[in-house]
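Participant: This structure is in structure tokens; I'll ask about it shortly.
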Amino acid sequence: MINLVRMNEEQYKRFFEETVKEYAEENVKEGRWKQSESIERATKETNELLPKGIHTDGHYLCTLQHEEVGPIGTIWYEIREKNGDKQAFIYSIMIDEEFQGKGYGKQSLIAFETELVSMDVISIGLHVFGHNKRAYQLYTKMGYIPTSIKLKKDLKNK
């Protein structure tokens with residue numbers, strides 16, 4: 001069983017650094033950003049979303065805690081109200097490398113969904129980078145459906 005445990009300041013500091021690095025790398029892989037600007041842009045965007053860190057209203061920053069194994073990753077999500085309905089948006093879900101491919105991602109999403117149901121949240125949104133096939137496959141297996149699709153053709157390497 002996996003529980004979502006709110007981060008403390010020390011955990012948040014590590015999470016912030018890892019999130020910025022990962023977000024920068026993903027945007028470079030996707031061709032959206034240049035390597036030279038990626039860390040600065042990722043830091044700026046993350047700070048804008050979390051101006052008060054773990055105390056930012058509506059944002060939840062949690063460690064994914066497996067009852068036997070211990071911490072296996074992190075999740076950052078926001079709960080928003082739209083037209084009177086609560087909706088969640090996942091900004092980041094990361095399973096530590098040593099725990100990937102072992103079903104912990106699926107278990108974490110189930111635990112997350114269970115928590116949201118208890119909070120009267122009616123839907124979950126997220127973004128997945130196009131090159132991240134593994135994540136996309138997990139989300140579709142878990143019942144997530146595309147709500148929009150951006151396409152791109154690279155002419156530089158033709």
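Participant: So, of the residues in segment 61-73 that are in a strand (DSSP E or B) and farther than 13 Å from A111 by Cβ, which turns out to be farthest from the chain's Cα centre (by Cα)? Talk me through it step by step, then tell me what you get.
Facilitator: Let us first name the residues in segment 61-73 that are in a strand (DSSP E or B), namely 61-66, 70-73.
Now narrow it down to the ones that are farther than 13 Å from A111 by Cβ: 61, 70-71.
On the way: L61: 10, G70: 19, P71: 16 Å.
Filtering segment 61-73 for residues that are in a strand (DSSP E or B) and farther than 13 Å from A111 by Cβ, the one farthest from the chain's Cα centre (by Cα) comes out as G70.
Participant: If I filter segment 99-109 for residues that are open to solvent by 30 Å² or more (accessible area, probe 1.4 Å) and either part of a strand (DSSP E or B) or in contact (Cβ under 8 Å) with a residue 60 or more places away in the chain (or both), do I get at least one hit?
Facilitator: Going through segment 99-109, the residues open to solvent by 30 Å² or more (accessible area, probe 1.4 Å) turn out to be 100-104, 106-107.
Now narrow it down to the ones that are either part of a strand (DSSP E or B) or in contact (Cβ under 8 Å) with a residue 60 or more places away in the chain (or both): 104, 107.
Scanning segment 99-109 turns up at least one residue that is open to solvent by 30 Å² or more (accessible area, probe 1.4 Å) and either part of a strand (DSSP E or B) or in contact (Cβ under 8 Å) with a residue 60 or more places away in the chain (or both).
Participant: Also, I was wondering about something else. Outside any helix (DSSP H, G or I), charged (D, E, K, R), at pLDDT 95 or above and in contact with a helix residue (DSSP H, G or I) (Cβ under 9 Å, 6 or more places away or on another chain): does that describe E45? Step through it out loud before you land on a result.
Facilitator: On the way: outside any helix (DSSP H, G or I): no; charged (D, E, K, R): yes; at pLDDT 95 or above: yes; in contact with a helix residue (DSSP H, G or I) (Cβ under 9 Å, 6 or more places away or on another chain): yes.
Spelling it out, it is not the case that E45 is outside any helix (DSSP H, G or I), charged (D, E, K, R), at pLDDT 95 or above and in contact with a helix residue (DSSP H, G or I) (Cβ under 9 Å, 6 or more places away or on another chain).
Participant: Hey, could you check segment 48-60 for residues that are in a loop (DSSP other than H, G, I, E, B) and in contact with a strand residue (DSSP E or B) (Cβ under 8 Å, 6 or more places away or on another chain) and say which is surrounded by the most Cβ atoms within 10 Å (Cβ to Cβ)? First the steps, then the outcome.
Facilitator: Of segment 48-60, the ones in a loop (DSSP other than H, G, I, E, B) are 50-52, 56-58.
So of that shortlist, the ones also in contact with a strand residue (DSSP E or B) (Cβ under 8 Å, 6 or more places away or on another chain) come out as 50, 58.
Numbers: L50: 19, G58: 11.
In this case the residue turns out to be L50.
Participant: Across segment 111-158, what is the total count of residues that are touching a residue at least 60 places away in the same chain (Cβ under 8 Å), open to solvent by 50 Å² or more (accessible area, probe 1.4 Å) and in contact with a strand residue (DSSP E or B) (Cβ under 9 Å, 6 or more places away or on another chain)?
Facilitator: Qualifying residue count for the region: 1.
Participant: Next question, about the same structure. Can you tell me which residue in segment 1-22 is most open to solvent (accessible area, probe 1.4 Å), limited to those that are of a type in the set (D, E, K, R) and touching a residue at least 24 places away in the same chain (Cβ under 8 Å)?
Facilitator: Taking segment 1-22 and keeping what is of a type in the set (D, E, K, R), we get 6, 9-10, 13-14, 17-18, 21-22.
Still in the list and also touching a residue at least 24 places away in the same chain (Cβ under 8 Å): 6, 9, 18, 22.
Numbers: R6: 128, E9: 103, E18: 97, E22: 74 Å².
Result: R6.
Participant: Can you name the number of the only condition in (1) over 22 Å from K150 (Cβ atoms); (2) out of contact with any Cys (no Cβ under 8 Å at 6 or more places or on another chain); (3) assigned to a strand (DSSP E or B); (4) hydroxyl-bearing (S, T, Y) that S36 fails?
Facilitator: The number of the failed condition is (3).
Participant: Have a look at I110, I145, I122 and point out the one that is modelled with pLDDT of 85 or more, of a type in the set (A, V, I, L, M) and touching an Asp or Glu at 6+ places or on another chain (Cβ under 7 Å).
Facilitator: Working: I110 fails: touching an Asp or Glu at 6+ places or on another chain (Cβ under 7 Å); I145 fails: touching an Asp or Glu at 6+ places or on another chain (Cβ under 7 Å).
Being modelled with pLDDT of 85 or more, of a type in the set (A, V, I, L, M) and touching an Asp or Glu at 6+ places or on another chain (Cβ under 7 Å) holds for just one of I110, I145, I122, which is I122.
The values are calculated or read from the model by the stated rules, or taken from the named source; none is laboratory data. Model, not experiment: these values are computed from the prediction. Glycine also receives a Cβ, built like all others from the backbone with ideal geometry; neighbour counts cover every protein chain displayed. Calculation scope for accessible area: heavy atoms of the full protein, side chains included, ligands and nucleic acids excluded. Shrake-Rupley method; radii C 1.70, N 1.55, O 1.52, S 1.80 Å.
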